[in-house]
Amino acid sequence: MPDANAKPKALIETFGCQMNEHDSQRMREILLQEGYDFTRAPEEADFILLNSCSVREAPENKIYSMVGRLGEFKKKNPKLIIAVAGCVAQQEGKRILQRQKEVDIVMGTDQIFHLPELLAQARQGKRAVRTAWMPREQKTQNFIPTEELAHFEVRGASAGLAITKGCDNFCSFCIVPATRGRLVSREWENILAEAKLLIEKGAKEILLLGQNVNSYQAGGVNFARLLKAVADLKGLRRLRFTSPHPNDWSPALTDLMAGHPMICPSLHLPFQAGADRILQKMRRGHSQAQYLEQVAYLKEKIPHIGLSSDIIVGFPSETEAEFQETIQVMRQARFSQVYAFKYSPRPGTKADSLPDDVPPRVKQERLSRVLSLFESIREEILLATLGQKLEVLIDQAHPKEQGVMTGRTGSHLPVAVLSPELRIGDLVLVEITAKRAHSLEGRLLA
Ligand code: 5AD
Ligand code: SF4
C-alpha cells in the first residue's frame, strides 16, 4: 500500500555548464519548500525536471531522447509530471510541447522562480510554456527574490553566486546570447548581501558565476571592485569566479589576484583556438599573442596558478597548420584542466552560415590530440606537487573509499586525504604523498 503521507518525489537531471548546475540547485531548494523529497530512480518520481543545455548539438539531442524514454514511466504513472528547463527550453519554447507529448512544463532560463505556479498548473492537467525574459530592472536589482533566498541552504563547502546573466559578446559559434539573453549585471549591493548570507549559512568558498564575469559593470562598479569587495568579506576563506573572457582581462586583475590571499590562484580563461585567422572568424576579439601575453603575466605574478581553458577543434575551414597553433598555445600555457569540443554548428549563430567543412574524422582526431597533450601536461603538473605542503578545502567524502575525504588545492587540483576526522568545509594543510590516476593523495599535517 502506498503511504498516503509520503512526500512526493522529484528527480532533477542537469546538463551543461555551472550556471545550469546553479539553477538546478535553486530549483532543488524551491522543490524542498514545496514539500518534495528527492530520488535518482525515475520509476519512483512524481516530478522529473530536465535542465537542458544547447551549447552543442549532442547535449540537445540527449534531452529529446531522454524525454522519449521517460514517456515509458508516464504510462505506468500517469500523474508523473515532466518539465524541460534551461537553454533548450528557452530556445524551443512551445515547439517542445508540440514535438514531445510527454512534456508538461517548458520553462525558460529566467523562469525558475515560477516553478511552483507551473507545477500547480500541471497538476490540474494543463500543459504550460513560459519563456519570457525577466524585466531588465528586476534582473539588475536581484536575480533571486530576497524572500526565496532566506530559505536556501548551503550544501557543501562551496556556494555559487550569479553576478551576471547572459552575454553580449556574440562569438560566432555560440548560442548563449540567444538562450541566456543579453548581458545583465546584478546590482552589487545585492551580490554582497547574498555573499554575506552564504557565508553565514556556512559557505567557506564562493564561486562568482556568469557567462562572462569580468564584463560585470553595475552602478559604476566594475569586476575588479566587486571581486575585491567580496574577497574582503569576513568569514570567507576562498573566492573563485568563472568564466572570464580574455578581452576584458587586465594586468590590474592579475595584480589583484596575486595580492589578495582569499582569491584562489586558479583561472579558467577560454582561448578556443590558436590561429589568429580562426580567432577572427570566431569573433573572439583577441589574438593569440594577446592571450599568451596575459598568460605570461599571470604566471609571472602567480607562479603556482592553475590555468584551465576551453578549446574548439574543427571550426569551419581550420587547417592542420592552424590546429597546430592551438597545440602550441597549450604547450606554452600548460593548462591543468582543458575542456575541448568538436565544433558543432548551432542554429541562428553567425558561424552557422559557414560550411561545416572539417570532416568528422579530422575533428575527432584533432580532439584526441588535444586531449592526449592535455593528459601528459596534467600528469607533469600533478607529479610536480609531490612532497609539497598545500592548503586543501575539504568538499566531500570519497564516494568509494571509507575514511577518505576529498578536496581541492587553491589551484583547483583534486586531493584525497586519508583522515576520517575531517569534515566538509575544513581548510587544512596537507603534504602531497602520491599521485593517483587523475588526482593527488595527501597526508594531513597537524
Ligand atoms: N561548438 C563547439 N563548442 C562550443 N562551445 C560553445 N559553442 C560551441 C559550438 N557551437 C564551447 C566553447 C565554450 C564552451 C562553454 O563550449 O568552448 O567556451
Ligand atoms: Fe558564448 Fe562567447 Fe559569450 Fe562565452 S563569451 S558565452 S563563448 S558568446
- Odd one out for Leu267, checked against (1) closer than 29 Å to Arg366 by Cα; (2) surrounded by fewer than 21 Cβ atoms within 10 Å (Cβ to Cβ); (3) touching a helix residue (DSSP H, G or I) at 6+ places or on another chain (Cβ under 9 Å): (2)
- Output for the range 1-35, where each listed residue is in a loop (DSSP other than H, G, I, E, B) and polar (S, T, N, Q): Asn5
- Query: In the range 418-445, how many residues are of a type in the set (Gly, Ala, Ser) and under 19 Å from Ala157 (Cβ atoms)?
  - Reply: 4
- Task: Could you check Ile381 against (1) of a type in the set (A, V, I, L, M); (2) within 15 Å of ligand 1 (Cβ to nearest atom); (3) open to solvent by 10 Å² or more (accessible area, probe 1.4 Å) and say which number it fails?
- Result: (2)
- Task: Would you point out which residue out of Ile302, Ile263 is more than 15 Å from ligand 1 (Cβ to nearest atom), touching a strand residue (DSSP E or B) at 6+ places or on another chain (Cβ under 6 Å) and under 27 Å from Leu208 (Cα atoms)?
- Result: Ile263
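Give the residue that is most open to solvent (accessible area, probe 1.4 Å), with candidates limited to residues of the range 172-222 that are within 10 Å of ligand 2 (Cβ to nearest atom) and among the small types (Gly, Ala, Ser).
The selected residue is Ala178.
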- Query: Residues in the range 261-283: is at least one farther than 21 Å from Val329 by Cβ, assigned by TED's automatic domain parsing to the domain that holds Pro303, out of contact with any Lys or Arg (no Cβ under 7 Å at 6 or more places or on another chain) and not polar (S, T, N, Q)?
  - Reply: yes
- Task: Any chance you could count how many residues in the range 183-234 are within 16 Å of ligand 1 (Cβ to nearest atom) and in a helix (DSSP H, G or I)?
- Result: 3
- In the range 309-339, what count of residues is obtained for those that are open to solvent by 20 Å² or more (accessible area, probe 1.4 Å) and either within 14 Å of ligand 1 (Cβ to nearest atom) or of a type in the set (Phe, Trp, Tyr) (or both)? 3
- Query: Considering Arg361, Arg369, which residue is surrounded by fewer than 13 Cβ atoms within 10 Å (Cβ to Cβ) and in a helix (DSSP H, G or I)?
  - Reply: Arg361
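Surrounded by fewer than 15 Cβ atoms within 10 Å (Cβ to Cβ), within 30 Å of Ile394 (Cα to Cα) and not aliphatic (A, V, I, L, M): does that describe Lys299?
Taking the combined requirement at face value, the residue does not satisfy it.
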- Item | Filter result for Pro261 (without any contact (Cβ under 8 Å) to a residue 12 or more places away in the chain and open to solvent by 40 Å² or more (accessible area, probe 1.4 Å)) | yes
- Item | Flag if Asp248 is under 22 Å from Ser308 (Cα atoms) and open to solvent by 10 Å² or more (accessible area, probe 1.4 Å) | yes
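The values are calculated or read from the model by the stated rules, or taken from the named source; none is laboratory data. The structure displayed is predicted, hence computed values, not measured ones. Virtual Cβ from ideal backbone geometry, glycine too; neighbours counted across all protein chains shown. Areas reflect the complete protein model, heavy atoms only, side chains present, ligands, DNA and RNA absent. Shrake-Rupley method; radii C 1.70, N 1.55, O 1.52, S 1.80 Å.
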